[in-house]
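**Student:** First the structure, then my questions, so here it is.
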Amino acid sequence: MFFPEGQIRVHLYGQPVDMRKSFDGLYALTRQELRQDPLSGELFVFISRRATQLKVLYFDRTGFCVWSKRLERGRFLSDWRAARTREMDWTGLKLLLEGIVPAQQRKRFRHDSRPLSSSHMTPAIESPHVVRHRDPRTECR
């Protein structure tokens, strides 16, 4: 059961699911709610109401398989209001299974695309964390 990481599609269902559902129940959810073909070989991920259990349904050319994972501590989702049905990649599923929530990436620095001329040089900004050593020869008394 090894999937090429760049080629597998993963569909996450954004509503809580009764974890008593098995092959037939998850097949029906995939068909009716996700509007996807369960025989496509793609992965379909379902999470319990308490977000402590997860099931993955997929078809591997010979039959359906269901993976299940139950967390002893923590949750797969922190808030159901933020959950939505979406497509993710294999890496996103691996992060979800490990309990890692990918956050939005923010740039730490903004780069100004304007060239600086010598007459419009901006002064250097000093960090408050920089320790400056005093030169006793230049200190005023």
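**Student:** Being more than 17 Å from Gly99 (Cα to Cα), surrounded by 12 or more Cβ atoms within 10 Å (Cβ to Cβ) and not small (Gly, Ala, Ser) narrows it down to one residue among Leu71, Leu57; which is it? Steps first, please.
**Tutor:** On the way: Leu71 fails: more than 17 Å from Gly99 (Cα to Cα).
That would be Leu57, the only listed residue that is more than 17 Å from Gly99 (Cα to Cα), surrounded by 12 or more Cβ atoms within 10 Å (Cβ to Cβ) and not small (Gly, Ala, Ser).
**Student:** For the range 37-55, give me the residue count where each residue is in a loop (DSSP other than H, G, I, E, B), within 17 Å of Cys65 (Cβ to Cβ) and within 22 Å of the chain's Cα centre (by Cα).
**Tutor:** Our first condition is that a residue be in a loop (DSSP other than H, G, I, E, B); within the range 37-55, this holds for 37, 41-42, 48-52.
Those still in the list that are within 17 Å of Cys65 (Cβ to Cβ) too: 37, 41-42.
Filter again for within 22 Å of the chain's Cα centre (by Cα), leaving 41-42.
Qualifying residue count, the range 37-55: 2.
**Student:** So in the range 19-36, with the set limited to residues that are of a type outside the set (Ser, Thr, Tyr) and open to solvent by 60 Å² or more (accessible area, probe 1.4 Å), which one is farthest from the chain's Cα centre (by Cα)?
**Tutor:** We begin by selecting, within the range 19-36, every residue of a type outside the set (Ser, Thr, Tyr); these are 19-21, 23-26, 28-29, 31-36.
Going one step further and asking which of them are open to solvent by 60 Å² or more (accessible area, probe 1.4 Å), we end up with 20-21, 23-24, 31-33, 35.
Working: Arg20: 26, Lys21: 25, Phe23: 26, Asp24: 28, Arg31: 25, Gln32: 25, Glu33: 22, Arg35: 23 Å.
For the range 19-36, the residue satisfying everything is Asp24.
The values are calculated or read from the model by the stated rules, or taken from the named source; none is laboratory data. Please read these numbers as outputs of a predicted model, since none were measured by experiment. FYI the Cβ positions are ideal-geometry reconstructions off the backbone, even for glycines, and counts take in every protein chain you see. For the accessible areas, the whole protein counts, side chains as well, though only heavy atoms, and no ligand, DNA or RNA atoms are used. Shrake-Rupley method; radii C 1.70, N 1.55, O 1.52, S 1.80 Å.
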